[in-house]
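Engineer: This is the structure I want to talk about, given as structure tokens.
The values are calculated or read from the model by the stated rules, or taken from the named source; none is laboratory data. Keep in mind that what you see is a predicted model, and the values were worked out from it rather than measured. Reconstructed Cβ throughout: ideal geometry from the backbone, glycine too, with neighbour counts over all protein chains shown. Surface areas here come from the heavy atoms of the whole protein model, side chains and all, with no ligands, DNA or RNA. Shrake-Rupley method; radii C 1.70, N 1.55, O 1.52, S 1.80 Å.
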Amino acid sequence: MTTESRTDSGRYQPGDIESRWRERWERDGLNRVADHVEGRPNRYHVTMFPYPSGDLHVGHWFAMAPSDALARYFRMRGYNVLLPMGFDAFGLPAENAAIKGGAHPRDWTDANIQRMRDQLRAMGATFDWERQVNASDPDYYRWTQWWFLQLFKRNLAYRKDATANWCPSCNTTLANEQVIDGRCERCESEVTQRQMEQWFFRTTEYAEELLANEHLDWPEHVKVMQRNWIGRSEGAEFTMRVQGREDDPRLADGFRVYTTRPDTAFGMTFAVLSPEHALVDAVTTDAQRTDVTAFIERVRRTTEIERLSTEGSLEKRGVFTGSYAVNPFNGEPVPVFLADYVLASYGTGAIMAVPGQDQRDWDFATAYGIPIVRTVQPPEGWEGEAYTGDGPAINSRWLDGLHKAEAIERATSWLEEQGIGARKVQYRLRDWLISRQRYWGAPIPILYCERCGTVPVPEDELPVALPYDVEFQPTGRSPLATSDAFVEAVCPDCEGPARRETDTLDTFMCSSWYFMRYPDPRNADAPVSREAAEAWLPVDQYTGGSEHATMHLLYARFFYKVARDMGLVPGDEPFVRYFAQGQILGPDGRRMSKSRGNVVAPDGQIEKWGADTFRAYLMFLGPWDQGGPYDVDGIVGVYRWLSRVWAVVTDPPSLVDAPEAGRALRVEAHSTLQKVGEDYEAKRFNTAIAAMMELTNALQRLRDHGEADRGAWDEAVRMLILMAAPACPHIAEELWERTGGGYSVHQQAWPEFDAALTVPDTVEIAVQVNGKVRGRIEVAPDAEEAAARDAALADEQVATQVSGRQVVRVVYVPGRLLNFVVK
RNA sequence: GCCGGGGUGGCGAAAUGGCAGACGCAGCGCACUCAAAAUGCGCCGAGCGCAAGCUCGUGUGGGUUCGAGUCCCACCCCCGGUACCA
């Protein structure tokens with residue numbers, strides 16, 4: 001503050017200052033780690049890279065603007081912070097656009113990336129664009145293919161039959177999203193399931209390690225979701241013979257069932273195979289074949305969610321095969337059914353059904369008139385149906401009277417002694433299907449040689465380039481199969497003719513390792529050098545939507561563990577900390593979409609209010625992890641705040657030397673500084689900005705008062721600008737310069753608060769009688785209970801309420817309240 | 001269905017088991033203005049009351065506690081994920 005008189009420096013005009021400072025920061029490379037100070041610790045922040053869908057969306061800003069504020073805050077805290085950005089550029093929308101007759105996916109994607117980069121610049125974020133990655137760039141997907149080869153080499157990639165949604169009319173596979181109520185979104189034909197040979201990664205190999213996530217500094221609910229997704233269960237697997245059918249070679253060994261409750265096996269009254277089970281044909285008798293075939297046809301048109309639902313009746317959701325299997329525990333025959341609620345992908349694809357102890361089995365048995373035998377005693381007065389609790393075993397011969405844990409142990413041991421079964425840990429987690437019958441993805445680097453079979457493409461021949469000219473219109477084959485130039489190849493082993501794999505890799509593969517690429521984005525010899533990996537990995541702070549809680553975040557963890565086993569990266573986990581930001585909705589509270597007409601374009605908001613206001617508003621409108629509707633009317637409040645900041649800084653009151661009078665402002669400034677620091681640290685941007693608003697309002701009151709203590713005023717203004725800098729970088733830079741701070745505010749250290757100045761002289765506390773507030777008193781924050789009690793009883797209201805009654809207890813919480821409990 | 005999250009004024013929200021509604025939007029009143037905008041000041045959960053004040057109030061129903069938005073039990077509604085949207 002250099003002037004005593006009130007000069008009018010003009011009103012806050014964000015348009016003038018924002019572009020000027022952005023250009024200067026870019027010119028100076030303020031965001032490039034290489035230019036930062038030596039000797040500072042590195043800190044690596046990553047925000048999930050966007051899919052280049054077209055225009056930048058408010059949702060992108062909601063994810064990225066607070067991320068930038070956080071990175072800036074940690075720079076002020078003395079770290080070299082790397083904050084990169086890239087594009088998850090392979091995927092379905094680009095291909096759909098091409099099929100609908102739009103541009104080629106390559107051109108469409110590149111144009112979108114260019115546009116979104118330009119739009120992102122307006123945020124004033126410190127993304128290091130020199131490290132940008134583009135997953136559809138051959139220099140990137142070459143390494144995505146390299147990863148596939150490494151997993152193949154380590155026996156973590158294999159082929160097996162799997163089903164895919166198939167539209168018989170469009171002649172193409174469909175993503176789940178393209179299936180609406182069992183029909184193709186384009187032509188509305190009924191979608192069926194089609195079996196084809198596809199590539200998988202053995203994620204289940206790492207199930208146990210992925211399950212162990214307790215130690216991660218992640219939101220608890222995300223860790224719980226992952227553990228439930230992996231779904232470890234301990235149980236037993238055993239063989240059931242098919243009565244009278246042992247002469248059929250397919251049934252000579254019977255079939256295997258998996259159960260977590262072998263102790264309830266005496267209550268088995270039927271057995272169920274999944275409709276996709278390999279032995280369905282064998283167990284089906286001629287008399288039942290028509291019904292069974294019709295049932296399987298129906299199941300092929302049902303989604304998995306519908307199949308697993310326990311809602312409604314199970315009638316017509318199963319069919320009798322005509323065969324009987326033998327319960328090995330008591331030698332009794334039980335009918336074998338098919339039912340849609342048994343999935344081929346879990347366990348052995350077959351179960352023993354115990355309706356007394358399983359609700360879905362109960363419902364099924366009721367619908368099909370199958371007997372129900374309880375083998376666990378429900379508690380007294382039990383009125384429910386299936387009972388899954390821990391009661392003593394009944395109707396179970398040698399298990400009777402035993403409780404769950406011991407009964408399971410005995411039953412399992414018995415299976416092992418008999419040589420018909422064994423204990424088995426089972427996961428709900430399935431291996432990762434990575435084959436896609438699509439064009440816009442990285443080709444799977446595999447060759448099929450007539451003589452040598454399945455041959456991996458040699459690493460030095462990568463990338464297997466995606467050809468530009470192919471047929472996108474569905475032909476019933478993968479688009480790459482329509483390009484002879486692509487398909488026809490030479491076997492690297494025998495130099496004979498070979499055909500290339502024509503499926504492409506799931507785009508989740510691109511996003512499973514991109515954060516390993518930013519530290520060393522132009523490396524032509526490895527996805528990342530050991531040196532760059534040591535410098536930056538693992539990621540210190542990862543942010544992105546919680547919709548990725550199970551799939552992307554698990555795939556990335558899987559990849560990182562494989563990378564670790566290969567000696568590529570330090571540590572065991574890719575993301576030390578993870579923050580799940582919420583989703584921003586349209587003003588009507590629904591997800592923004594063009595068809596609903598509720599999309600708010602960031603560009604318009606910036607034009608109207610400036611980037612700082614828009615950034616701060618997104619941080620202010622609610623807790624970051626919650627998201628919520630974007631209210632176009634609310635943003636003016638943040639604009640008014642920044643205008644007030646501008647006004648108090650550029651047009652201060654008369655400054656005099658009056659330290660006594662300045663103490664109140666100093667307490668306000670230091671308390672705010674403490675709170676804002678804690679809030680930034682915890683990503684509570686909404687309350688951080690609210691606190692800065694309060695400090696600004698206090699400054700404004702002093703300004704209207706016409707006079708303030710010079711020392712307190714200058715300190716408060718300086719602190720306010722520094723606190724605002726991470727959230728509102730442009731105005732902070734401008735005001736920092738105008739108040740003589742120099743360049744750049746973004747290279748300043750975060751100020752330290754004085755703890756002695758965060759405590760006010762007196763506080764107002766509530767006085768309650770029997771828990772109801774009857775008065776308020778002004779006391780020192782650390783006042784003794786006796787002093788507080790005296791002050792409270794001096795209050796007329798309180799005295800009236802207490803007099804004539806017996807005080808049985810007094811509860812005193814210093815600085816908060818005093819409660820008289822009276823009779 | 002299953003897994004996870006959420007429900008507080010007209011609206012977005014705040015609140016280590018301790019004064020519910022900070023901060024902001026909208027609204028109402030006032031000042032400035034020829035007027036409007038902008039800005040500043042005041043009011044702003046509901047009901048009752050001239051007032052002092054009283055009663056009720058955090059999705060619903062119950063419980064624990066001197067004290068519950070917060071902890072426990074049961075339920076209702078909304079959102080995300082559910083393995084080929086990313």
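Engineer: Report the full-extension gain for the segment A:Arg24 to A:Ala601: residue separation times 0.36 nm, less the Cα-Cα distance, to one decimal in nm. List each step's numbers first, then the result.
Structural biologist: Numbers: separation 577, 0.36 × 577 = 207.72 nm, distance 2.61 nm.
Between A:Arg24 and A:Ala601, full extension yields an extra 205.1 nm.
Engineer: Check which residues have an amide H placed less than 5 Å from A:Val373's amide H, if you skip close sequence neighbours.
Structural biologist: A:Gly356
Engineer: Hey, another quick one. Around A:Pro521, with a cut-off of 12 angstrom between Cβ atoms, what is the net charge of the other residues, counting Lys and Arg +1 and Asp and Glu -1? Kindly include the intermediate steps, with their values, before the conclusion.
Structural biologist: Numbers: positive: A:Arg131, A:Arg517, A:Arg522; negative: A:Asp128, A:Glu130, A:Asp137, A:Asp139, A:Asp520.
Spelling it out: positives minus negatives among the neighbours equals -2.
Engineer: Suppose each label sits 7 Å from its Cα in the direction of the beta carbon; what would the A:Ser233-A:Gln626 distance come out to in nanometres?
Structural biologist: About 3.7 nm separates the two model spin labels.
Engineer: Angle, helix A:404-418 long axis vs. longest principal axis of chain A, Cα atoms, 0 to 90°, nearest 10?
Structural biologist: Roughly 40 degrees, rounded to the nearest 10.
Engineer: Have a look at A:Ala708, A:His403, A:Leu480 and report the one farthest towards the positive end of the charge dipole of chain A, computed about the Cα centre with Cβ charges (Lys/Arg +1, Asp/Glu -1).
Structural biologist: Checked the options; the winner is A:His403.
Engineer: Once amide H atoms are placed 1.01 Å from N in the peptide plane, what residues at a sequence separation of 5 or more from A:Ala442, or on another chain, have their amide H within under 5 Å of its amide H?
Structural biologist: A:Leu505
Engineer: Could I ask something else about it? Just to confirm a number: summing +1 for Lys and Arg and -1 for Asp and Glu over residues other than A:Phe127 whose beta-carbon lies under 11 angstrom from that of A:Phe127, what do you get?
Structural biologist: Details: positive: A:Arg32, A:Arg117, A:Arg121, A:Arg131; negative: A:Glu26, A:Asp68, A:Asp128, A:Glu130.
Within the 11 Å Cβ shell, the charges total 0.
Engineer: Once Lys and Arg get +1 and Asp and Glu get -1 on their Cβ, which of A:Tyr639, A:Gln437, A:Leu793 lies farthest toward the positive end of the dipole of chain A?
Structural biologist: A:Leu793
Engineer: If you place +1 on the Cβ of every Lys and Arg and -1 on the Cβ of every Asp and Glu, how big does the dipole about the Cα centre of chain A come out, in debye to the nearest 20?
Structural biologist: Values: 90 positive and 120 negative charges, 156 e Å.
For this selection, approximately 760 debye.
Engineer: Ranked highest first by average number of other Cβ atoms within 10 Å, how do A:479-488, A:19-28 line up?
Structural biologist: Values: A:479-488: 16.8, A:19-28: 14.7.
Going by the mean number of other Cβ atoms within 10 Å, highest first, we get A:479-488, A:19-28.
Engineer: With a cut-off of 8 Å between alpha carbons and a minimum separation of six or more residues, what is the relative contact order of chain A in percent?
Structural biologist: Details: 1497 pairs, mean separation 117.7, N = 823.
Result for chain A is 14 percent.
Engineer: Using Cα pairs under 8 angstrom and six or more residues apart, how large is the relative contact order of the stretch A:29-88, in percent?
Structural biologist: Numbers: 55 pairs, mean separation 32.8, N = 60.
Reported relative contact order: 55 percent.
Engineer: Working from Cα positions, state the angle (0 to 90°, nearest 10) between the long axis of helix A:729-738 and the longest principal axis of chain A.
Structural biologist: 20 degrees
Engineer: So for the pair A:Thr192, A:Glu205, with labels modelled 7 Å out along Cα→Cβ, what separation do we get in nm?
Structural biologist: Placing both labels 7 Å beyond Cα along the Cβ direction yields 3.6 nm.
Engineer: Give the peptides A:560-566, A:81-87, A:172-178 in descending order of average Cβ contacts within 10 Å, highest first.
Structural biologist: Details: A:560-566: 19.1, A:81-87: 25.0, A:172-178: 16.6.
Highest to lowest by the protection proxy: A:81-87, A:560-566, A:172-178.
Engineer: For the full complex of protein chains and a 1.4 angstrom probe, list A:His45, A:His60, A:His548, A:His705 by accessible area with the highest value first.
Structural biologist: Result, largest first: A:His705, A:His548, A:His60, A:His45.
Engineer: Then there is this: When the convex hull of the Cα atoms of chain A is projected onto a plane and the area is averaged over all directions, what value comes out in nm²?
Structural biologist: Numbers: hull surface 185.0 nm².
Averaged projected hull area, Cα only: 46.3 nm².
Engineer: May I ask you to give the percent of accessible area on chain A that is carbon plus sulfur, with a probe radius of 1.4 Å? It would help to have the intermediate numbers written out before the result.
Structural biologist: On the way: 16800 of 36020 Å².
After summing per-atom areas, the C and S share lands at 47 percent.
Engineer: How big is the charge dipole of the stretch A:677-823 about its Cα centre, in debye rounded to the nearest 20, if each Lys and Arg gets +1 on its Cβ and each Asp and Glu gets -1 on its Cβ?
Structural biologist: Here the stretch A:677-823 has a charge dipole of around 920 debye.
Engineer: Right, another one. Could you tell me what percent of the DSSP beta bridges with both partners in chain A are antiparallel, to the nearest 5? Intermediate values should be presented prior to the final figure.
Structural biologist: Values: 69 of 96 bridges.
Close to 70 percent.
Engineer: Still on this structure: Between A:Glu707 and A:Glu495, what is the label-to-label distance in nm when each label sits 7 Å out along the Cα-to-Cβ direction?
Structural biologist: 9.9 nm
Engineer: Place the peptides A:135-144, A:770-779 in order of packing, highest mean first, counting for every residue the other Cβ atoms within 10 Å and averaging per peptide. It would help to have the intermediate numbers written out before the result.
Structural biologist: Numbers: A:135-144: 21.4, A:770-779: 15.2.
Descending packing order for the listed peptides: A:135-144, A:770-779.
Engineer: Give me the one-decimal Kirkwood hydrodynamic radius in Å for the stretch A:81-153, with the sum taken over alpha-carbon pairs. Mind dumping the intermediate values first?
Structural biologist: Values: mean 1/r = 0.0716 Å⁻¹.
Taking the inverse mean of 1/r over all distinct Cα pairs, the stretch A:81-153 comes out at 14.0 Å.
Engineer: Also, I was wondering about something else. Treating only the Cβ atoms of Lys and Arg (+1) and Asp and Glu (-1) as charged, compute the dipole magnitude of the stretch A:429-581 about its Cα centre; round to the nearest 20 debye.
Structural biologist: Working: 14 positive and 23 negative charges, 108 e Å.
Rounded to the nearest 20 debye, it is 520 debye.
Engineer: Something else now. Take the residue pairs A:Lys404/A:Lys424; A:Lys160/A:Lys424; A:Lys223/A:Lys594; A:Lys100/A:Lys160 and return only those whose Cα atoms are more than 29 Å apart. Walk me through the intermediate numbers first.
Structural biologist: Working: A:Lys404/A:Lys424 17 Å; A:Lys160/A:Lys424 23 Å; A:Lys223/A:Lys594 34 Å; A:Lys100/A:Lys160 32 Å.
Distance filter (> 29 Å) returns A:Lys223/A:Lys594; A:Lys100/A:Lys160.
Engineer: While we're looking at this one, here's another question. If you take every residue apart from A:Val802 with its C-beta less than 13 Å away from the C-beta of A:Val802, what net charge results, scoring Lys and Arg +1 and Asp and Glu -1?
Structural biologist: Working: positive: A:Lys772, A:Arg774, A:Arg789, A:Arg805, A:Arg809, A:Lys823; negative: A:Asp790, A:Asp795, A:Glu796.
Result for the local shell: +3.
Engineer: From the helices alone, meaning DSSP H stretches of at least four residues, give me the mean residue ellipticity at 222 nm for chain A, per-run term -39500 (n - 2.57), in deg cm²/dmol to the nearest 500. Please list the in-between numbers first.
Structural biologist: Numbers: 25 runs with 285 residues, N = 823.
After summing the helix terms and dividing by residue count, I get -10500 deg cm²/dmol.
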